[in-house]
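*Asks:* Handing you a structure now.
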Amino acid sequence: MIGNAAAALHGAPVTTLDVDFMFRKTPTNLRKLKILADELDAYILRPYYPVSSLYRIVNDDTGMQLDFMSVLHGIKSFESLISDAVETAFGGFKIKVASLEKIIKSKKSLGRSRDMAVMEILEKTLHEKKRH
């Protein structure tokens, strides 16, 4: 998991409407995305196709939005992302959450105004985590 939802799990007081995941884009994982969408009564969008590697699972009735990306700006590889990820319990499952350092790196690399708007909060949270 990466993005503001992951940052919130690290203690950053930020909100988000979606949850971001990085995944290895393989035929097996693409089939798993379709199964996940079916199980959630949702559908898969490719909103920036073919420019991006984003697969968005959406359920309009619940407002759920899950973004799956095989490439993240500022992150070399999936292996690089999980190398210092933190394992946490979420909804009865164990998931790996990107390190706050990698979340910051990715957001800075993108440079979007909405990411820059939370940068000070993320960096202060990282500083506090390192102090303790």
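*Asks:* Check the straight Cα-Cα distances from Lys129 and name the aspartates and glutamates below 17 Å, setting aside those fewer than 8 residues away within the same chain.
*Replies:* Asp84, Glu87, Glu101, Glu120
*Asks:* Taking each full run of DSSP H in the chain as one helix, which ones are at least 24 Å long along their axis (Cα atoms) and have mean Kyte-Doolittle hydropathy of at least 1.6? Mind showing how you got there, number by number?
*Replies:* On the way: long enough: none.
Span-like helices, by this rule, are absent here.
*Asks:* Give the long-range amide H neighbours of Val97: residues separated by 5 or more places, or on another chain, with amide H under 5 Å away, using H modelled in the peptide plane at 1.01 Å from N.
*Replies:* Val86, Glu87, Thr88
*Asks:* As a quick test, which of the pairs Lys108/Lys130; Lys107/Lys130; Lys25/Lys105; Lys76/Lys105; Lys32/Lys102 have an alpha carbon distance above 18 angstrom in this structure?
*Replies:* Values: Lys108/Lys130 20 Å; Lys107/Lys130 20 Å; Lys25/Lys105 22 Å; Lys76/Lys105 11 Å; Lys32/Lys102 25 Å.
Those over the limit are Lys108/Lys130; Lys107/Lys130; Lys25/Lys105; Lys32/Lys102.
*Asks:* Further question on the same structure: What trypsin sites (Lys or Arg not before Pro) does the range 51-112 have in DSSP loop regions with at most 13 other beta carbons within 10 Å? Show your work: numbers first, answer last.
*Replies:* On the way: sites: Arg56, Lys76, Lys94, Lys96, Lys102, Lys105, Lys107, Lys108, Arg112; in loops: Lys76, Arg112.
Passing both the DSSP loop test and the Cβ count: Lys76, Arg112.
*Asks:* Of the listed values (i) 0.93; (ii) 1.02; (iii) 0.96, grab the one calculated as Rg/Rh (Cα atoms, Kirkwood Rh) from the structure here.
*Replies:* It is the one labelled (iii).
Taken together, the values in this text are just the output of simple stated rules run on the coordinates, not laboratory data. If you're wondering where the values come from, they're calculated on a predicted model, not measured in any experiment. All Cβ positions, even for glycine, are placed from backbone atoms using ideal geometry, and neighbour counts span all protein chains on display.
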